[in-house]
Amino acid sequence: MGPAVTLVEDSLPTARNTRSAAPATRGRRPGRRRENLAGYLFMSPWIAGFLLLTAGPMVASLYFAFTDYNLFNTPKWVGFDNFTTMFDDPRWQKSVEVTAKYVVIGTPLKLLLALGVAMLLAQSRRGQAFYRAAFYAPSLIGASVSVGFVWRSLFSDDAIVDRTQSFFGWHVGGWVGNADWVLYGLVALTVWQFGAPMVIFLAGLKQVPRELYEAAEMDGAGPLRRFWNITLPMISPVLFFNVLLETIHSFQIFGSAYVVSNGTCGPADATLVYTCYLYQQGFQNARMGFAAAMAWMLLLGVALVTAVLFWSQKKWVYYEEDAR
């Protein structure tokens, strides 16, 4: 019995310690509640902004999409009339066509230029910090209205672009007034703003192990093969992120198209991107219900493209954890 008594006595302090620790734990709960309350108080401006400026307007626009609303009269429920009218509208179809063309042409060109410059800047050279800042600067100012005015001046009749191409025997005239070329001027503007994806590509390139390139060189692989078999697979997650982000941004183009076309989205609807037509319907024609329906169709379209991109990543995006 001696050993048994000893074991029981040894266990008693542990039980006492457990009982004494319980009140201490309960005593800390008010402190945790105060910490949680303080956290919610600090978050309250963001929560209020989200509810009042994001979630609230989204719910309201979803309701307006099924109404006839012109900002001045009481909304009148019309069901799916806005959507059926939208699909039969030739200008809406034109806006979808122009936006799709802009996305398909502008996004790949922008990413190709960003990747090419990032590969050049990834190499050690003098003045590297200056070049990085200089190439990134257009991304900071490219979305401003003033740059839109400058771009319109550059591509107008008898401006510097027109004179340069005429010098080389290419007589097209100003791109701004030419329905066949004005959209390519917008594409040039978005390609010029390649700084943001360039920085992301540069960060991805820095993470590629140098040992892989050294081993490939020893096996006799040339620059093109090293790029195709090492660089692209290793930066494929970064490439996927940039493709996704830039595609969504391209669907949202508005400011540059509106400024370059001087608010007309022309000539001949050549720059009638989706958001420009949405603005015309909602604020110039006071068809807010129709504009809300257009906005939700844009959201569904972008969501569909995003879903397709996420589905396709299984075929071309390489993650290290997948190889384990």
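The values are calculated or read from the model by the stated rules, or taken from the named source; none is laboratory data. The model shown is predicted, which means the values in this text are computed figures rather than measured ones. Please note: Cβ atoms are built from the backbone with ideal geometry, for glycine as well, and neighbour counts cover all protein chains shown. Accessible surface areas use protein heavy atoms only, side chains included; no ligands, DNA or RNA. Shrake-Rupley method; radii C 1.70, N 1.55, O 1.52, S 1.80 Å.
Annotation: amide H-H contacts under 5 Å for residue 68 (H modelled 1.01 Å from N, sequence separation of 5 or more, or interchain): 76, 77, 78. Positive-end ranking of 192, 215, 261 along the dipole of the chain, with charges on Cβ about the Cα centre, is headed by 215.
Here the chain is assigned +1 on the Cβ of each Lys and Arg and -1 on the Cβ of each Asp and Glu. Its dipole about the Cα centre then comes out at about 1260 debye. Would you mind getting the Kirkwood hydrodynamic radius of the range 182-228 from its Cα pairs, rounded to one decimal in Å? Result for the range 182-228, one decimal place: 13.2 Å. Once C-alpha pairs closer than 8 Å and six or more residues apart are averaged by separation and normalised to the residue number of the chain, the relative contact order reads 26 percent.
Counting only heavy atoms of protein chains, what accessible area per residue, in Å², does the chain have with a probe of 1.4 Å?
62 Å²
Helix 145-154 and the long axis of the chain differ in direction by around 30°, with both axes built from C-alpha atoms.
By accessible area, using a 1.4 Å probe on protein heavy atoms only, the range 212-324 has 64% of its surface on carbon and sulfur. About its Cα centre, the dipole of the range 144-216 is roughly 200 debye, where the only charges are +1 on Lys and Arg Cβ and -1 on Asp and Glu Cβ.
Placing unit charges on the Cβ atoms only, positive for Lys and Arg and negative for Asp and Glu, gives the range 21-166 a dipole magnitude near 1340 debye about its Cα centre. For a Förster distance of 51 Å, can you work out the FRET efficiency between the beta-carbons of residue 126 and residue 172, rounded to the nearest 0.05? Result of the calculation: an efficiency of 0.80. Taken one residue at a time, the phi angles of the range 159-167 give Karplus couplings (6.51, -1.76, 1.60, θ = phi - 60°) of 8, 5, 5, 4, 5, 5, 6, 5, 4 Hz. Gly and Pro are set to x.
Here the range 68-161 exposes an accessible surface that is 65 percent carbon and sulfur, computed with a 1.4 Å probe and the other protein chains kept in place. Helix 90-121 and the longest principal axis of the Cα set of the chain meet at an angle near 70°. Can you give me the angle between helix 2-50 and the longest principal axis of the chain, using Cα atoms only, in degrees from 0 to 90, rounded to the nearest 10? The two axes meet at around 20 degrees.
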